[in-house]
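Take a look at the structure set out below.
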Amino acid sequence: MVNSKARVIRVPEYGDVSVLKPATVTRPSPTPTQVLAKVAFAGVNNIDLAERSGNYPTPAPFIPGREGSGEIVEVGAEVQGFKVGDRVAFLGQSTYSDYAAVDATHVAKLPDHISLETGAAFMLQGMTATGLVTRSYAVQKGDWIVVHAAAGGVGLLLTQLGHLLGAHVIGTVSTEEKAVIARANGAEHVVIISSGYEALEKSVSELTNGQGAHAVFDSVGQATFDSSLNIVRRMGTLVLFGNASGMIPPTSFMVLSGKNVKLTWSTIFNFITTRKEFEALYGEAVSYLERGQLKVAIHKVYAIEDVQQAHLDLEGRKTTGKLFLKIQ
Amino acid sequence: MVKSTIRAIRVDQNGDASVLKSTTIPHPTLQANQVLVKVAYSGINFSDVKQREGFYPIPVPFTAGGEGSGEIVELGPDVQHGFKVGDRVTFMTFGTYTDYAVVDTVRLGKLPDHVSFELGAAFLAQGLTAVALAELAYAIKKDDWVVIHAAAGGVGLLLTQLSHHLGANVIGVVSSDEKAALVRANGADHVVVIPANNSGSYEALDKKVKELTNGQGVHAVFDSIGQATFESSLEIVRRQGTLVLFGSTSGDIPPQKLTRLAAKNLKLTWVSLFLYTTTFEEFDVLYQRTLKLLDEGALKVQISKVYEFEDAKQAHLDLEERKTTGKLLLKVN
């Protein structure tokens, strides 16, 4: 049964976790190209933290949440291929909510053997990781790649994928516990970052005979940028996809000229702007999952009332794997 | 008999074309893995202008020029790769506007008999640059849409020819109708004229690209202009496309928030031929590929003017005033 109201978590203005407040809104209606999902689980991602803090161009007030899973309760008039009752995972907006209206382009039906938790856990991060190692930089067998935040949600998947594709993976993490997890997921070498990146630069230089890495996957941002430039090889690729430590200050592109380096900044949304693209990327990502080649690590499922704690935990860098909110 | 001093065009201090001075310097000596070449012709490149202006960290005084052709007259003791005295060669090194150039056996290639010294000096730096841009910086594929700025310049014309040869749809950008005709004759499918004294607006290019690509944009932009074109290049490249920067003739692009690339998941690179040719093997691969394209007629080098040695300054002025198309050479010996 569809309620006329939706409980949500709302951000009235940018700020720290205290701005995340429960509210009740009218249940949204899907547009002709959307479906309305009753949300079971909403993924908690770094982008949520960035939006909440005002580090992303999302205007406030807003309802956070870019990903979720649940059941379709309403189908827009022009939508094909979905029906009421379908179990789905989806990317969209405002998923910290009982009901989310999402574009049918970014909805995937979950086969019976994939749980709603796994569906929610895998969608954004699984597709992001797959997109990064195929479209941002096509990882080749024998490549040396550096994966920052190797024990994070996307980091763990990148590590697994890099290993799967035959690359030598050097992961960076912040604690010994995370190092163990990164190694268990296919990182050949792990560097624990305590203060500064000299140890990483030294390690990469030794491991690659001074040549550097073919690619560096960096979602950390400001803290790692200079070091990432140092450790990428001549003609290598720097794949940036986040600002977890803060925005990289405005930079001259001449910094690339010393090594003929390629720089790219990828967001998953630009890999899936059409249904065809979405199906292709989702299909690739989920087939790794279904073959057991990728494992999603779930850190914790939080009750919706504990959303502030979820944000604190993710910001505190204590987590490994996926965080999400149980909505219904 | 070997003279104890030789002629050289020197830069004693960075500045405009008037700082180029014809003088004499001591006959050079060789390191173990170097050869001495009696220079027949020196190529003239925009990078010579930038060097003269002090854009690169090269201490003054230095001999101008980075490319040439001639005959090997002396070998260092450790020279490898089969080079001999008497070999006709083409090369890139620091200091080529001079009678004798010292060349490491890295960016050095033997000229086939059917390639003249003029052509040898004319095709090397720009030819290899065009090949590196089209095959290493962004691998052009059949049916790709590409925009080439300064399409009538030395590298621009060769890149236009090569892109056409690789089956791309080529949009060339030039500053005059005469240049447009030349670029069309060299394989550009479309040409946009942005006059030099324009207010700096590239709207005409943006509009043309949108029309031609159904609003999608181009797969790659090859941009040696820098500041004046950057915003336009960001605008006209397609989602997941590549921006290949390889010069800044209009001035440096100001520092940017790197997240700007995220709007379209863009790839951006800044490349120089120098860094694609750090070993003899790397150089040789590009060199042989370029020779082959020349032989096949896929690349045609147009030498537009040969300057006398004493007229190096005029060559720089002509290049800076954007009056030239194709390749300029300095006749040395």
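With each label modelled as a point 7 angstrom along the Cα→C-beta vector, the A:Lys21-A:Gln80 pair spans 4.5 nm. Binning all Cα-Cα separations of the range B:142-270 at 5 Å, short to long from zero, yields these whole-percent fractions: 2, 11, 23, 26, 22, 11, 4, 1.
Could you work out, residue by residue across A:240-250, how many beta carbons of other chains sit within 10 Å of that residue's beta carbon, and then give the average as an integer?
That works out to 2 on average.
Our compactness index for the range A:41-80, the C-alpha radius of gyration over the empirical 2.2 N^0.38 Å, is 1.51. The lysines whose alpha-carbon is closer than 27 Å to the alpha-carbon of B:Lys207, local same-chain residues fewer than 8 away aside, are B:Lys141, B:Lys142, B:Lys179, B:Lys257, B:Lys264, B:Lys267, B:Lys323. Working from label points 7 Å from Cα in the Cα-to-Cβ sense, the B:Lys210 to A:Phe269 distance is 2.1 nm.
Here the label points at B:Asp177 and B:His27, each 7 Å from Cα along the C-beta direction, are separated by 5.6 nm in the simple model. The Cα trace of chain A gives Rg and Dmax of 19.8, 64 Å, the first to one decimal, the second as a whole number. Efficiency by 1/(1 + (r/R0)^6): what FRET value for A:Glu279 and B:Asp12, r their Cβ-Cβ distance, R0 = 45 Å, to the nearest 0.05? Here the calculated transfer efficiency is 0.10.
As a ratio to 2.2 N^0.38 Å, the alpha-carbon radius of gyration for the range A:95-144 is 1.51. Note on the range B:13-32 and the range B:127-178: Cα centroid distance 34 Å, given to the nearest whole angstrom.
Computed across the protein assembly as shown, the Kirkwood hydrodynamic radius from all distinct Cα-Cα pairs reaches 27.4 Å. Computed from the Cα positions only, the extents of the range A:141-265 along the three principal axes stand at 38, 30, 24 Å, in decreasing order.
Rounded to the nearest 10 degrees, the angle from helix B:203-212 to the longest Cα principal axis of chain B is 70 degrees.
Loop-located GluC sites (Glu not before Pro) in the range A:48-155 (DSSP state other than H, G, I, E, B) with a sparse environment of at most 13 neighbouring Cβ atoms within 10 Å: A:Glu78. Applying Stokes-Einstein at 37 °C and 0.692 mPa s to the Kirkwood radius of the range B:222-298, computed over alpha-carbon pairs, gives a translational diffusion coefficient of 227 µm² s⁻¹. Helices in chain B, meaning DSSP H runs of at least 4 residues, each add -39500 (n - 2.57). Divided by all residues, the mean residue ellipticity at 222 nm is -8000 deg cm²/dmol. The phi-based Karplus calculation (6.51 cos²θ - 1.76 cosθ + 1.60; θ = phi - 60°) puts the 3J(HN,Hα) values of the range B:303-311 at 8, 8, 7, 10, 9, 5, 3, 6, 9 Hz, whole numbers, x for Gly and Pro. On the beta carbon distance between B:Arg289 and A:Glu290, with R0 = 51 Å, the FRET formula returns roughly 0.75. Note on B:Arg239/A:Leu164: beta-carbon distance plugged into 1/(1 + (r/R0)^6) with R0 of 35 Å gives a FRET efficiency of 0.85. Per residue, the convex hull spanned by the Cα atoms of chain B amounts to 131 cubic angstrom. Dividing the convex hull volume of the alpha carbon atoms of the range A:1-131 by its residue count gives 111 Å³ per residue.
Only the coordinates and a few stated rules stand behind these numbers; no lab work does. The structure displayed is predicted, hence computed values, not measured ones. Counting neighbours? That spans all protein chains shown, and the Cβs are built from the backbone with ideal geometry, glycine included.
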